[in-house]
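The structure appears right after this line, and notes come after that.
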Amino acid sequence: MENVRVRFAPSPTGYLHVGGLRTALYNYLFARKNNGKFILRIEDTDRNRFVEGAVENLIDALKWCGLNYDEGPDIGGIFGPYIQSQRLSTYKEQARKLIADGKAYYCFCTPQRLEKLREEQQKQKLPQAKYDKHCLHLSKTQVQQKIAVGIPFVIRLNVLPNKKIIFDDVVRGRVEFESNNVDDQVLIKGDGYPTYHLANVVDDHLMQITHVIRGEEWLSSTPKHVLLYDAFEWERPVFAHLPLLLNPDRSKLSKRQGDVAVEDYRAKGFLKEALLNFVALLGWNAGDDKEFYYMNELIEKFSLERVNKSGAVFDLEKLNWLNEEHLRKKSNEEILSMLKTEICNSQFAILNFSDHYLLKVINAMRERVSFVHEFLTKSSYFFAAPKEYEETSRQKNWKPETSEQIQKLRANFAQLENPSKEDYELALKQTAAEFNISAGKLIHPLRLAISGTSAGPGIFDIAEILGKDEVLKRIDTALALLR
RNA sequence: GGCGCGUUCGUCUAGUGGUCCAGGACGCCGCCCUCUCAAGGCGGAGAUCACGGGUUCGACCCCCGUACGCGCUACCA
């Protein structure tokens with residue numbers, strides 16, 4: 001494909017929605033796959049919705065995910081600026097062109113009149129409330145007079161009746177609308193800002209966007225955009241409307257029913273690889289059974305033709321699973337650096353652990369965690385001696401005779417010199433033989449004594465990692481506390 | 001209400017007229033392994049392909065209708 005240019009055009013609401021992430025990702029994949037350009041453009045034409053720091057948050061989230069764009073607000077590009085509020089004169093100029101060509105017109109109707117009009121239309125049970133073109137027939141001099149006097153105005157698109165508006169959507173096929181169902185859309189608002197519809201079309205054209213890949217919520221307003229391209233006599237881009245991401249109850253994914261911001265998932269410890277992989281599969285698949293992907297594989301396999309039509313529920317269970325899978329694929333060294341930052345942000349921050357030690361912990365625990373922070377919660381005993389002992393295990397495994405047996409085990413451990421896990425195991429088995437009991441009778445209480453829990457890596461691995469001194473110390477503590 | 005889009009296991013999905021009384025994955029259940037917990041291996045339950053009509057020798061797949069869901073219907077994006 002020649003000179004593919006796509007864009008992600010979010011409005012800065014304060015955070016990056018995972019649905020937005022999916023849209024951005026598909027745009028990114030499509031651009032990279034086709035050797036095209038991926039552009040970030042900020043659609044901030046609603047002054048009432050201005051959110052401090054929103055653009056920065058958006059950019060942060062995108063960068064964290066590795067969705068690097070070729071042109072955008074912070075890096076520039078030859079079609080800039082990439083923030084719509086900085087392009088106001090462009091939209092005005094284009095709107096004036098439309099007026100000159102009779103494709104758009106000034107409208108001086110007050111919000112009150114519009115409101116009344118709507119009410120009347122509803123009372124008459126008209127199928128649709130639409131602007132009545134009241135100002136379309138104003139003469140040039142009337143318009144000029146009103147403007148001169150300072151009457152506030154908007155600019156509307158003049159939609160011709162009884163036309164079929166047809167366009168082809170890559171994911172949905174041919175879509176048809178009647179122009180009778182399309183309102184004379186406001187293009188320039190009373191405050192001089194453009195509406196989304198105008199700004200979007202003008203920018204996409206001026207920035208030479210070839211494919212408009214966006215959420216399904218835009219499908220219904222696409223006729224307006226198509227009309228605008230036609231009015232300007234500009235070539236239309238290819239449209240691809242993506243299925244929506246849904247809550248478990250199949251309504252549009254929303255804050256009310258869980259986390260929707262990329263930063264939420266980041267804060268929870270999800271790997272960007274997992275989030276991206278997961279979100280890529282929500283509405284697209286390569287047609288085979290592969291579910292685990294890295295970005296480069298997605299780029300290689302992605303195509304708009306294989307995007308689904310129906311909405312997809314955002315299923316946390318599968319995200320968790322993908323996070324595990326991606327974590328498992330990481331090297332111990334990669335996990336080490338993540339674990340270190342995790343430790344820095346934890347109650348163990350003041351403690352010092354050698355890389356050598358942490359690597360052993362990682363090796364022992366990596367198959368048992370889904371998130372890096374779980375090293376600290378699921379195996380806190382590697383970072384601090386247990387403060388309490390799991391009650392169910394204590395009842396099950398610490399019998400009246402156990403103290404004496406563990407006492408003996410401690411003595412046998414004490415005699416070992418720089419013990420390996422095999423040494424611990426041998427010593428334990430010998431102790432068990434001395435009492436004529438099964439190894440399990442010692443293993444479980446020992447686990448409880450040195451880890452405080454009943455779950456975790458092999459007990460001899462734990463002992464070796466902890467080291468003899470620590471093991472003996474913990475046995476002593478347990479002996480004093482568990483009786 | 002109008003317009004548009006959608007509808008295959010709980011969830012994500014494969015499927016483009018016969019190979020499908022529907023395949024994979026997550027989750028769930030069971031077994032094996034085992035010092036525990038995981039991981040791993042093996043197996044299982046789970047979809048009358050929304051419903052009803054057509055077209056066809058034959059329909060998950062094509063057409064029509066209905067239902068349901070969702071989106072849009074703003075001087076919001």
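The values are calculated or read from the model by the stated rules, or taken from the named source; none is laboratory data. It should be emphasised that the depicted structure is a prediction, and the values quoted were computed from it without experimental measurement. FYI the Cβ positions are ideal-geometry reconstructions off the backbone, even for glycines, and counts take in every protein chain you see. Keep in mind that these areas ignore ligands, DNA and RNA; they rest on the heavy atoms of the full protein, side chains included. Shrake-Rupley method; radii C 1.70, N 1.55, O 1.52, S 1.80 Å.
Residues that are assigned to a loop (DSSP other than H, G, I, E, B) and either near RNA strand B (Cβ under 7 Å from one of its atoms) or aliphatic (A, V, I, L, M) (or both) within the stretch A:155-184 comprise A:Val159, A:Leu160, A:Val170, A:Val171, A:Arg172, A:Val182, A:Asp183, listed in sequence order. Considering the stretch A:121-138, the residues that are surrounded by 12 or more Cβ atoms within 10 Å (Cβ to Cβ) and under 44 Å from the mean Cα position of the chain (by Cα) include one that is nearest to RNA strand B (Cβ to nearest atom), namely A:Ala129. Tally the residues that are within 13 Å of A:Lys396 (Cβ to Cβ) and within 8 Å of RNA strand B (Cβ to nearest atom), restricting the search to the stretch A:434-452. Total meeting the criteria: 4.
Where helices (runs of 4 or more DSSP H) sit wholly within the stretch A:1-106, those with at least 3 residues that are away from RNA strand B (no atom under 16 Å from the Cβ), over 30 Å from A:Leu319 (Cα atoms) and open to solvent by 10 Å² or more (accessible area, probe 1.4 Å) occupy A:88-100. When the stretch A:333-364 is filtered for residues that are within 15 Å of RNA strand B (Cβ to nearest atom) and surrounded by fewer than 15 Cβ atoms within 10 Å (Cβ to Cβ), only A:Asn363 remains. A:Leu298 meets each of the listed conditions (1) under 13 Å from the mean Cα position of the chain (by Cα); (2) away from RNA strand B (no atom under 13 Å from the Cβ); (3) buried (at least 19 other Cβ atoms within 10 Å of the Cβ); (4) part of a helix (DSSP H, G or I) apart from (1). Within the stretch A:391-437, work out how many residues are over 17 Å from A:Thr477 (Cα atoms), polar (S, T, N, Q) and either outside the structural domain of A:Glu470 (by TED's automatic domain parsing) or open to solvent by 70 Å² or more (accessible area, probe 1.4 Å) (or both). The total comes to 6.
Quick one: A:Ala455 ticks every box in (1) among the small types (Gly, Ala, Ser); (2) crowded, with 16+ Cβ neighbours inside 10 Å; (3) touching a residue at least 60 places away in the same chain (Cβ under 8 Å) bar one, so which box is it? Result: A:Ala455 fails condition (2) only.
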